[in-house]
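Inspection log for the structure reproduced underneath, given as structure tokens.
The values are calculated or read from the model by the stated rules, or taken from the named source; none is laboratory data. Being a predicted model, the structure only gives us computed values, none of them experimental. Heads up, the Cβs are rebuilt from the backbone with ideal geometry, glycines too, and the neighbour counts pull from every protein chain shown.
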Amino acid sequence: MGAFTINIRRNRFDVLPFIAGNSKKFKVNVNGEEVFFAHDLDGYLRAAGDRTRASLSLLADIAANIEHYMFHDKCRH
């Protein structure tokens, strides 16, 4: 799957899916920072790795939009 764009709060975020090991991850540029999203042990998509200056609510909204795009809009792809 190729890159796609999500819109949140009048902002556009480019999402680049990639495979790392056996899992799918997503790289998103959030206000100039690269933030990586991956599924946690419970199956939820979360921002992974180092801390970021982005708000937790924005990161949660980005994760929810990625999930929606990837798993609920498959008929569009």
* Would you check if residue 6 is in contact with a strand residue (DSSP E or B) (Cβ under 9 Å, 6 or more places away or on another chain), touching a residue at least 12 places away in the same chain (Cβ under 8 Å), surrounded by 12 or more Cβ atoms within 10 Å (Cβ to Cβ) and not in a strand (DSSP E or B)? => no
* Residue match in region 66-73 (condition: of a type in the set (Asp, Glu) and over 12 Å from the mean Cα position of the chain (by Cα)) -> yes
* **Number of positions in region 24-43 that are within 15 Å of residue 66 (Cα to Cα), of a type outside the set (Lys, Arg) and either in contact with a strand residue (DSSP E or B) (Cβ under 6 Å, 6 or more places away or on another chain) or in a strand (DSSP E or B) (or both)** => 10
* To do: Specify the residue that is surrounded by the most Cβ atoms within 10 Å (Cβ to Cβ); the eligible residues are those in region 39-77 that are of a type in the set (Ser, Thr, Tyr) and in contact with a helix residue (DSSP H, G or I) (Cβ under 8 Å, 6 or more places away or on another chain).
  => 52
* Quick one: in region 16-38, of everything that is under 15 Å from residue 61 (Cβ atoms) and touching a Ser or Thr at 6+ places or on another chain (Cβ under 7 Å), which residue is surrounded by the most Cβ atoms within 10 Å (Cβ to Cβ)? => 35
* Asked: Within region 30-39, is there a residue that is of a type in the set (S, T, N, Q) and at pLDDT 90 or above?
  -> no
* Structure fact -> Those residues of region 1-35 which are charged (D, E, K, R) and closer than 16 Å to residue 49 by Cβ amount to 24, 25, 27, 33, 34
